[in-house]
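Peer 1: Dumping the structure here so I can ask a few things about it.
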Amino acid sequence: MGVQITPSILNADFASLGEEVARIPSADWVHVDVMDNHFVPNLTFGPSMVEALARSTHVPLDVHLMIEDCDRHAPAYVEAGAGSVTFHVEATRAPVRLAREIRAKGARASMALRPATPVEPYEDLLPELDMLLLMTVEPGFGGQKFLDMVLPKIRRARDLVRKHGLETWLQVDGGVSLETIERCAEAGADVFVAGSAVYSADDPDEMVRALRARADT
Ligand code: DX5
Ligand code: ZN
């Protein structure tokens with residue numbers, strides 16, 4: 001797989017989400033940020049919203065769970081039609097069991113790390129994951145400033161994936177823009193979430209293509 005762009009609808013117009021998703025036909029995935037007001041101080045969607053979105057588009061949904069008790073709630077998002085489900089390592093009690101359950105139900109299993117969570121303790125877990133998400137802001141809100149401090153961790157994660165001969169995708173999320181995407185790609189990321197960069201652009205689909213081109217160079 002080459003570079004993939006997954007626009008986040010967190011900064012889209014929630015009153016017309018179907019149309020907002022239809023504005024980005026060039027996207028590889030649509031990133032859906034699920035927040036519960038506990039793991040992060042913000043509240044967004046649940047499984048029924050994911051199910052409605054899945055019915056409204058052919059673009060697969062990349063669901064990012066920022067919720068407590070993801071061990072209990074994650075499977076419902078696979079059943080709702082997500083193509084990929086990401087849980088946070090800081091919120092799960094049983095990451096191996098949860099990743100296996102997500103895969104067994106038919107979605108790609110992915111695990112996220114907050115900016116201060118190191119990747120090394122999870123090296124042996126990588127074969128259980130289809131994707132590793134390295135947060136480049138503290139999760140909770142769109143439009144925050146990209147954290148350069150995460151770049152060395154992206155490099156170390158890429159080295160671990162390579163060392164084990166894995167195909168694990170490396171996703172970055174938070175503050176990704178035309179200005180920061182090259183640094184992430186150069187460090188080894190290959191899946192890029194972009195929220196405000198895409199939805200504040202005059203032509204969101206053009207921005208998706210521009211981001212992909214920038215990451216590809
Ligand atoms: C933040 C979310 C992100 C957010 C990214 O907690 O996980 O997906 O929507 O938004 P930008 O690209 O504006 O930082
Ligand atoms: Zn996200």
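Peer 1: Just name the residue that is farthest from ligand 1 (Cβ to nearest atom) out of those in region 74-90 that are surrounded by 18 or more Cβ atoms within 10 Å (Cβ to Cβ) and part of a helix (DSSP H, G or I).
Peer 2: Among them, the one singled out is Pro75.
Peer 1: Which members of region 33-44 meet the condition of being farther than 17 Å from Arg72 by Cβ and surrounded by 15 or more Cβ atoms within 10 Å (Cβ to Cβ)?
Peer 2: Listed by number, the residues that qualify are Asp33, Val40, Asn42, Thr44.
Peer 1: Still on this structure, I have one more. Just to be sure, is Ala99 assigned to a strand (DSSP E or B) and over 23 Å from Leu43 (Cβ atoms)?
Peer 2: In short, no.
Peer 1: Do you know which of the residues in region 164-173 that are in contact (Cβ under 8 Å) with a residue 40 or more places away in the chain and under 16 Å from the mean Cα position of the chain (by Cα) is farthest from ligand 2 (Cβ to nearest atom)?
Peer 2: So, considering only residues that are in contact (Cβ under 8 Å) with a residue 40 or more places away in the chain and under 16 Å from the mean Cα position of the chain (by Cα), the one farthest from ligand 2 (Cβ to nearest atom) is Thr168.
Peer 1: Looking at Val137, Val96, Val161, Val150 in this structure, which one is surrounded by 18 or more Cβ atoms within 10 Å (Cβ to Cβ) and over 17 Å from the mean Cα position of the chain (by Cα)?
Peer 2: Only one candidate passes the filter, namely Val161.
Peer 1: Any residue in region 68-95 that is more than 17 Å from Asn42 (Cα to Cα) sitting within a Cβ distance under 8 Å of a residue that is of a type in the set (Ser, Thr, Tyr) and part of a helix (DSSP H, G or I)? List the pairs, counting only those 6 or more apart or interchain.
Peer 2: Every condition considered, the pairs that remain are Ala80/Ser48; Val85/Tyr77; Val89/Tyr122; Pro95/Tyr122.
Peer 1: Then there is this: Which condition number in (1) more than 16 Å from ligand 2 (Cβ to nearest atom); (2) over 17 Å from Ala187 (Cα atoms); (3) touching a helix residue (DSSP H, G or I) at 6+ places or on another chain (Cβ under 8 Å) is the one that Leu160 fails?
Peer 2: (2)
Peer 1: Counting only residues that are touching a Lys or Arg at 6+ places or on another chain (Cβ under 9 Å) and touching a residue at least 40 places away in the same chain (Cβ under 8 Å), which one in region 199-217 is surrounded by the fewest Cβ atoms within 10 Å (Cβ to Cβ)?
Peer 2: Asp205
Peer 1: All but one of (1) charged (D, E, K, R); (2) surrounded by fewer than 18 Cβ atoms within 10 Å (Cβ to Cβ); (3) within 22 Å of Arg158 (Cβ to Cβ) hold for Lys145, so report the exception by its number.
Peer 2: Lys145 satisfies all of (1) charged (D, E, K, R); (2) surrounded by fewer than 18 Cβ atoms within 10 Å (Cβ to Cβ); (3) within 22 Å of Arg158 (Cβ to Cβ) except (3).
Peer 1: Looking only at region 111-134, count every residue that is within 16 Å of ligand 2 (Cβ to nearest atom), more than 14 Å from Arg156 (Cβ to Cβ) and out of contact with any helix residue (DSSP H, G or I) (no Cβ under 7 Å at 6 or more places or on another chain) and tell me the total.
Peer 2: Matching residues across region 111-134 total 4.
Peer 1: Moving on. Could you say whether any residue in region 92-105 is within 22 Å of Ala52 (Cβ to Cβ) and away from ligand 2 (no atom under 16 Å from the Cβ)?
Peer 2: Yes, because at least one residue in region 92-105 is within 22 Å of Ala52 (Cβ to Cβ) and away from ligand 2 (no atom under 16 Å from the Cβ).
Peer 1: Then there is this: Could you check region 159-217 and list, in sequence order, the residues that are closer than 21 Å to Val34 by Cβ and among the acidic types (Asp, Glu)?
Peer 2: Within region 159-217, just Asp173 meets the criteria.
Peer 1: Within region 151-172, is even one residue basic (Lys, Arg) and within 16 Å of ligand 1 (Cβ to nearest atom)?
Peer 2: Looking through region 151-172, none of the residues is basic (Lys, Arg) and within 16 Å of ligand 1 (Cβ to nearest atom).
Peer 1: Just give me the residues in region 99-115 being more than 17 Å from the chain's Cα centre (by Cα) and either touching a residue at least 12 places away in the same chain (Cβ under 8 Å) or closer than 17 Å to Val172 by Cα (or both), in sequence order.
Peer 2: Arg100, Glu101, Lys105, Gly106, listed by residue number.
Peer 1: Considering only region 8-20, I want to know if a residue exists there that is under 19 Å from Val137 (Cβ atoms) and modelled with pLDDT under 95.
Peer 2: Yes, region 8-20 contains at least one residue that is under 19 Å from Val137 (Cβ atoms) and modelled with pLDDT under 95.
Peer 1: I need the full set of residues from region 1-22 which are surrounded by fewer than 19 Cβ atoms within 10 Å (Cβ to Cβ) and part of a loop (DSSP other than H, G, I, E, B), in order please.
Peer 2: Within region 1-22, Met1, Gly2, Val3, Asp13 qualify.
The values are calculated or read from the model by the stated rules, or taken from the named source; none is laboratory data. These numbers were taken from a predicted model, which means no experiment stands behind them. In this analysis, Cβ positions are derived from the backbone assuming ideal geometry, glycine residues included, and neighbour counts consider all displayed protein chains.
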